[in-house]
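Note sheet for the following structure.
The values are calculated or read from the model by the stated rules, or taken from the named source; none is laboratory data. Everything numeric in this text was worked out from a predicted model, so none of it was measured. Virtual Cβ from ideal backbone geometry, glycine too; neighbours counted across all protein chains shown. With ligands, DNA and RNA removed, areas are computed over all heavy atoms of the protein, side chains included. Shrake-Rupley method; radii C 1.70, N 1.55, O 1.52, S 1.80 Å.
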There are 2 protein chains.
Amino acid sequence: MEKYTITGLNIEKAASFLGISAQKMQEIIERRVLVPNWNEYQYLFRFEHKALNIDIGSVLVQKDDVFSLIFGFPKIKRAMLLGPAIRSNFGTISKVAVEEKMNGYNVRVILLEGKLVALTRSGHVCPYSSEKANNLLDTSFFIDNPQLVVYGEMVGPDNPYVPRKIYGIDSLDFFVFDMRHKDTGLPLPVYERRELCEKYGFKQVRLFGEFHIQEAADMVTNIIRDIGRKGHEGVVIKDPEMVLQPIKYTASQSNCSDLQHAMKVYNESGRDFIFSRIVREGFQSVEWEESEEEFRKRCLQLGESILRPMKESIIKVRDGERVTEEFTLRVKDRITLLKFEEYMRRLGMDIIFSEPKIVDDEYLVYMTKINKSTSDKTLAMWEGQLWS
Amino acid sequence: MEKYTITGLNIEKAASFLGISAQKMQEIIERRVLVPNWNEYQYLFRFEHKALNIDIGSVLVQKDDVFSLIFGFPKIKRAMLLGPAIRSNFGTISKVAVEEKMNGYNVRVILLEGKLVALTRSGHVCPYSSEKANNLLDTSFFIDNPQLVVYGEMVGPDNPYVPRKIYGIDSLDFFVFDMRHKDTGLPLPVYERRELCEKYGFKQVRLFGEFHIQEAADMVTNIIRDIGRKGHEGVVIKDPEMVLQPIKYTASQSNCSDLQHAMKVYNESGRDFIFSRIVREGFQSVEWEESEEEFRKRCLQLGESILRPMKESIIKVRDGERVTEEFTLRVKDRITLLKFEEYMRRLGMDIIFSEPKIVDDEYLVYMTKINKSTSDKTLAMWEGQLWS
């Protein structure tokens with residue numbers, strides 16, 4: 001077999017940086033564990049598989065033969081029963097910090113050649129998010145703290161991935177929820193991170209407070225009820241020192257909103273995605289000791305979240321339309337649009353972009369994602385095909 | 001690699017019977033496509049994989065070097081939208097026959113050495129079902145029609161697989177829904193089969209009637225609404241000549257009842273099982289052009305079918321119990337119980353049997369199946385473990 005190489009990667013030096021042999025490095029490349037990014041970012045290498053205890057989505061940066069490693073988003077595990085989960089996971093500390101889990105998409109931001117670059121969860125450079133990062137974040141933070149990576153949520157309606165109007169954000173904004181050291185992935189303690197954000201004027205996710213372990217479950221329950229009423233998503237419960245692993249918990253309304261989206265495009269949604277949201281409702285209902293009336297309300301909400309969007313998609317296809325999702329993009333630099341279109345194409349997305357309109361010094365573009373699988377399956381049913 | 005053989009199978013003759021080379025036959029055995037049954041039925045060989053266009057669950061019988069092939073249960077595809085499915089699948093004939101689809105478990109019955117033997121869907125010999133077949137069916141049918149296999153549903157409360165009280169059956173009864181020729185798997189036309197059942201006094205699934213293609217969807221819709229009210233399952237729509245493939249359609253109440261059972265043991269249930277039942281509700285709701293009030297009722301029913309049984313299981317485990325399923329068995333011959341216990345053990349089931357009681361000349365036994373996966377997962381949540 002011919003030797004597969006990645007243009008531009010110095011295998012010897014990369015191996016030495018990662019503390020492995022050159023042969024092991026070669027194997028990692030041949031198995032496409034590590035793959036280069038596109039265009040101007042070919043010196044960024046994405047982990048497409050987990051290896052060497054480095055998670056998927058981590059990014060190796062090679063700049064003039066100097067390396068750094070940007071760790072991926074750590075998977076935050078979920079509490080099904082708040083009380084037991086808090087007692088069991090944080091039983092060795094006295095207080096936990098509770099921060100908001102916002103509903104948007106995750107990006108990591110780093111400085112490269114004087115410009116901010118936004119890396120998605122999978123480790124791609126997103127041109128749209130990168131332009132936003134440059135407009136929203138003070139670059140001096142990254143010059144002053146070259147060893148830190150900023151982890152945050154891109155939130156708001158002008159959003160190519162998770163458009164949401166629930167936070168009163170006009171277009172798109174960035175909220176920091178984590179900062180980690182390059183190369184080690186070690187996180188900053190909660191208050192150190194929050195102070196740094198303050199200092200540089202970064203927006204950050206809301207801190208609901210610090211609570212004693214004994215009262216935390218009750219406090220979080222109250223917070224979650226409030227978050228649910230507002231249509232927000234949930235919380236992440238953290239060891240203030242960020243030594244113990246954080247845990248997440250979400251409002252019923254957020255689970256149902258996930259289901260609404262999943263069932264609209266029912267044939268492209270993961271069965272596990274749907275199942276896990278259903279299971280959360282069962283556990284929350286028991287832990288909250290609901291009355292029969294509250295329980296029936298929860299059942300109706302669950303049922304409607306599942307059936308209503310699906311029904312709408314079936315009717316849409318019956319009436320000759322396709323199932324689609326609509327997004328709005330807003331950029332200052334027209335080049336960003338071209339780059340983003342190419343990026344979507346490279347990811348194999350079936351997307352239609354409108355002609356850009358100039359609105360308030362920005363280019364406004366509508367993006368339509370066609371849900372081919374759901375459209376085709378639904379049409380096949382109307383044509384009398386059998387399910388399986 | 002050492003040559004793997006099946007004791008007792010005459011490879012040359014089996015190959016010749018199936019119309020393949022001895023080498024091909026050997027490969028089929030080495031790959032464990034064909035595996036022998038246990039104990040006294042070691043001359044029955046089960047297809048554990050599909051091969052040679054023979055479905056999983058088909059059974060090769062070798063008796064004194066004479067072979068026969070018992071075809072598996074043909075998979076019946078499901079209509080999501082009744083009108084389009086009937087028009088598209090039966091457009092080349094003028095009438096369809098509509099029979100009831102009952103809620104029990106499928107067995108095929110054949111005569112072997114003077115006794116009836118019941119084969120399950122997977123091709124195992126079920127000792128319990130075999131005793132029932134001998135008590136319920138007139139053996140002379142099988143002597144008069146040695147080339148026919150009887151396909152039917154075992155239905156009723158004294159049932160080790162699908163206990164249901166919905167048909168007013170005291171213990172367990174057998175309803176024929178299909179007859180097929182050995183070796184070819186070709187089915188008998190609907191009326192020929194029904195006449196044979198009449199003649200030999202076999203119970204059979206209900207025939208709702210024969211309907212013109214143009215009216216069939218409306219008629220089936222009415223039948224399904226009625227079936228749903230009674231808590232029965234659904235229908236199978238058939239070409240009376242059994243040339244075109246049959247299609248099935250079920251009542252919403254049956255989908256919900258499936259969901260109730262699946263969510264009680266949520267951690268052992270297939271995600272696809274749950275998903276497909278949800279999807280049926282969406283399509284039925286659209287095709288039936290429900291009012292907003294009817295739709296909300298359907299949503300509530302769906303939500304309750306999902307959450308209520310799950311909630312009960314979570315509470316049960318919180319209170320120190322395990323999630324189990326209870327079954328009742330009733331046999332005339334005590335040996336059947338011993339054989340059935342061994343059969344369950346061989347299949348790897350985690351089951352507890354009560355001491356048999358004598359009731360009305362029969363042995364009554366309670367069987368408890370422990371749902372270890374759901375019990376363990378639920379307990380882990382109460383102990384504060386995280387979901388994933």
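Listed values, structure above:
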read-out	value
Where A meets B: accessible area buried, both sides, 1.4 Å probe, Å²	4800
Nm distances between copies for B:K372, ranked from closest, using label points 7 Å along Cα→Cβ	4.4
Globularity index of region A:1-104, i.e. its alpha-carbon radius of gyration over 2.2 N^0.38 Å	1.46
Net +/- balance of residues flanking B:R322 in space, Cβ distance below 14 Å, scoring K and R +1, D and E -1	-2
Of all DSSP beta bridges in chain A, antiparallel share, percent nearest 5	95
Solvent accessible area, Å² - B:C126, 1.4 Å probe, full protein context	0
Rounded to 5, the percent of DSSP beta bridges in region B:152-294 classed as antiparallel	90
Distances in nm from B:E215 to the matching label points in the other copies, shortest first (labels 7 Å along Cα to Cβ)	7.3
Approximate spin-label separation B:Q23-B:K77, in nm, with each point projected 7 Å along Cα-to-Cβ	3.7
Percent of Cα-Cα distances greater than 41 Å, calculated over chain B	19
Solvent-accessible heavy-atom area per residue, rounded to whole Å², over region A:231-388 at 1.4 Å	45
Whole-number Å³ per residue for the convex hull built on Cα positions in the protein assembly as shown	212
Dipole magnitude (debye, nearest 20) for the protein assembly as shown, charges at Cβ of Lys, Arg, Asp, Glu	560
Gain in span if fully extended, B:I370 to B:W288, counting 0.36 nm per residue against the direct Cα distance	25.6 nm
10 Å beta-carbon shell around A:L112, net charge (K/R +1, D/E -1)	0
A:D183/B:D272 FRET efficiency (R0 35 Å; Cβ-Cβ; nearest 0.05)	0.25
Calculated FRET value between A:R296 and B:T92, using beta carbons and R₀ = 35 Å, to 0.05	0.15
Cross-link table A:K199/A:K369; A:K101/A:K297; A:K132/A:K199, entries beyond 29 Å C-alpha to C-alpha	A:K199/A:K369
7 Å along Cα→Cβ, label-point gaps from B:E113 to other copies, nm, shortest first	8.2
Charge sum, other residues only, whose C-beta stays under 15 Å from B:G234's C-beta, Lys/Arg counted +1 and Asp/Glu -1	+4
Relative contact order, percent, region B:324-382 [alpha-carbon distance under 8 Å, six or more residues apart]	44
Rough spin-label spacing in nm, given labels placed 7 Å along Cα→Cβ, for A:T5 and B:E48	4.9
Chain B: calculated mean residue ellipticity at 222 nm from DSSP helix runs of at least 4, using -39500 (n - 2.57)	-12000 deg cm²/dmol
Calculated FRET value between B:E198 and A:R229, using beta carbons and R₀ = 60 Å, to 0.05	0.40
